[in-house]
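Note sheet for the following structure.
The values are calculated or read from the model by the stated rules, or taken from the named source; none is laboratory data. What you see is a predicted model; the values in this text were computed from it and never measured. Here the Cβ positions follow ideal geometry from the backbone for every residue, glycine too, while neighbour counts run over all protein chains shown.
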Amino acid sequence: MASRIPQSFLDDLLDRTDIVEIVGERLELRRSGGNHVARCPFHDEKTPSFSVNQERQFYYCFGCNAGGNAIGFVMAYDHLDFLAAVQLLAARAGLEVPRDATAIPDHNAPLLALLDHAQQYYLRQLADHPAARVATTYLQRRGVSPEIAREFAIGFAPPGWDNLLSEFAPEGTLAQITPLVDAGLAIPRDPGPGHYDRFRQRLMFPIRDLRGRVLG
């Protein structure tokens, strides 16, 4: 479900919310340079890889790639839906959620889930694909460390015409391929039958909304 909460209200809520305080109420944080770190609550680990950046008001785990803003963290940690998380933070900030913020079906949920899975796929390719060495070398030359690359969830689309299609549409049916086309991840061949990956042999930078969701 989504909600008709005005974006201006969400912006104001996030401006009044300190993610370090929100996370610190749930996890034991310690300061490390310009960030605060802790053991990630979303996967098992011995060495803290969960980082909270107060300036950017963003959290990120270098181990499992979980990340987002204060609303997203409360949703994930407290197991709340979006509206409930907003109501919790609004009450904490002394704000009243607009009365028209009623729940409505989120018809974009399948698309957003697919984009998130695609992002995870591109992350794995940057880490594991043999052809990604050229991309990682390029990032290093530009001063982008592996830690920064993980923080911003930079991925890699390997060379080839059907890597993503083979992963997400192994049977090649229209039911599997159509969502990839709708998401802008695959393109119909013209002329001729079939489809091919839109992104090939390039770095991938995810675009996120204020809720931390991958939009493209």
Residue tally, condition among the aliphatic types (A, V, I, L, M) and over 21 Å from Q120 (Cα atoms), over the stretch 37-70 = 3
Give me the pairs: first residue in the stretch 1-20 and of a type in the set (V, I, T), second residue crowded, with 16+ Cβ neighbours inside 10 Å and modelled with pLDDT under 85, beta-carbon distance under 7 Å, and six or more apart or on different chains, which are they?
-> I5/A101
So how many residues does the stretch 48-74 have that are hydrophobic (A, V, I, L, M, F, W, C) and either free of Cβ contacts under 8 Å to residues at least 24 places away in the same chain or not assigned by TED's automatic domain parsing to the domain that holds D11 (or both)?
-> 2
Which listed residue, of L165, L203, is under 18 Å from L126 (Cα atoms) and assigned to a helix (DSSP H, G or I) | L165
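Among the helices (runs of 4 or more DSSP H) contained in the stretch 82-161, which hold 3 or more residues that are modelled with pLDDT under 85?
109-128, 146-151
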Within the stretch 173-193, can you find the residues that are surrounded by 13 or more Cβ atoms within 10 Å (Cβ to Cβ) and assigned to a loop (DSSP other than H, G, I, E, B)?
-> A183, G184, L185
